[in-house]
Amino acid sequence: LAKTTQPISMDSYEGQEVNITCSHNNIATNDYITWYQQFPSQGPRFIIQGYKTKVTNEVASLFIPADRKSSTLSLPRVSLSDTAVYYCLVGDGSGYSTLTFGKGTMLLVSP
Amino acid sequence: DSGVTQTPKHLITATGQRVTLRCSPRSGDLSVYWYQQSLDQGLQFLIQYYNGEERAKGNILERFSAQQFPDLHSELNLSSLELGDSALYFCASSGSQGGFFGYTFGSGTRLTVV
């Protein structure tokens, strides 16, 4: 399984755009990149998934460069309620792998 | 409501005891995954079942066991409990055999061993 590296913590203010970058140098051809969000004492929640280029949904955007060795989760205009831990995961797109969570990035949004 | 139901929400028990955590997956999902989350270890994958059969094993202790029943609900059994087993236990489900389509997590069971 490809290992991921992401910052331990990030700080931001309300209304700002937040970009969290994840490094996955050993990503395999079949691997997809998935991001989860977790609030304290709650289960992680799926945010977005992508394979290459850019993916956008109502919550976030995911940017993946051509070499796919990194990815960036972009949260537009964050609010206090976006304070959470964000996990970057890389998994086999064949559907047979289980997801391994790292330490994640603790995002703290201040007023 | 994510569609994944875990019971009980809280459990307090003494060392040496045995407990059973229950999980009902989202309707239609065949895979169930169990994760343990403690302050110092983060989210640790324990075990996966797919349509009643064990599919993958992670860092699950021998004192722990799980099963998935024909109606697809799953139970995680923890025995000979130790103080270090205190943690949040999450169940997740997915529609595939793996994580490709994303997992849906339940709200967890908080186990406190005293």
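What follows draws every value from the coordinates through simple rules; no lab data is involved. Predicted model only: the values in this text are computed from it and were never measured. All Cβ positions, even for glycine, are placed from backbone atoms using ideal geometry, and neighbour counts span all protein chains on display.
Here B:Ser2, B:Ser65 are screened, and the one residue that is within 11 Å of the chain's Cα centre (by Cα) and surrounded by fewer than 19 Cβ atoms within 10 Å (Cβ to Cβ) is B:Ser65.
The strands (runs of 3 or more DSSP E) located wholly in chain B that include 2 or more residues which are free of Cβ contacts under 8 Å to residues at least 12 places away in the same chain, within 14 Å of another protein chain (Cβ to nearest Cβ) and of a type outside the set (S, T, N, Q) occupy B:53-57. All of (1) exposed (fewer than 12 other Cβ atoms within 10 Å of the Cβ); (2) farther than 19 Å from B:Leu78 by Cα hold for B:Arg18 with one exception: (2).
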